[in-house]
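Only the coordinates and a few stated rules stand behind these numbers; no lab work does. Nothing here was measured: the structure is a model prediction, and the numbers come from that model.
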Amino acid sequence: MRAQIAAPMAFFLAAGCVAALAHPGPDDALRAGVSVERLEEDRAIYVARCSSCHALHLPSDLPAKKWPAEVRDMAEKAKLNEEDRMAIERFLVTMAQPGADAGSAWPEHPAREGGPR
């Protein structure tokens, strides 16, 4: 009986987290150095890959500078490929501090030397 109640409850909790997860806008895209569409794709990857195992964390749950290490730790457990790991990291870091310079918190920012191209 508990399993019959737990599964729907988990679905609604996950759906609530997704609803609370902000969509990126033009200012976010500017900070990340990518298009809004790219950040939306990053958000979709985060939702698809991370919510299958646990409740989603809001980007504001951690300071932007903490997300890269958190994502790297989880990437191994979740068997994320490098492209998905970078997309999730980019989304979380960018959205963690709207209005902040995401490039200073995100070491692999495309505008920085040595970052992804």
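Residues in region 39-55 carry Karplus couplings, in order, of 5, 5, 5, 4, 4, 4, 5, 4, 4, 5, 7, 8, 6, 6, 10, 7, 4 Hz; the curve used is 6.51 cos²θ - 1.76 cosθ + 1.60 with θ = phi - 60°, and Gly or Pro positions show x. Each residue of region 78-85 was assigned a 3J(HN,Hα) from its phi angle through the Karplus curve 6.51 cos²θ - 1.76 cosθ + 1.60 (θ = phi - 60°); the sequence is 8, 6, 6, 6, 4, 5, 5, 4 Hz, with glycine and proline shown as x.
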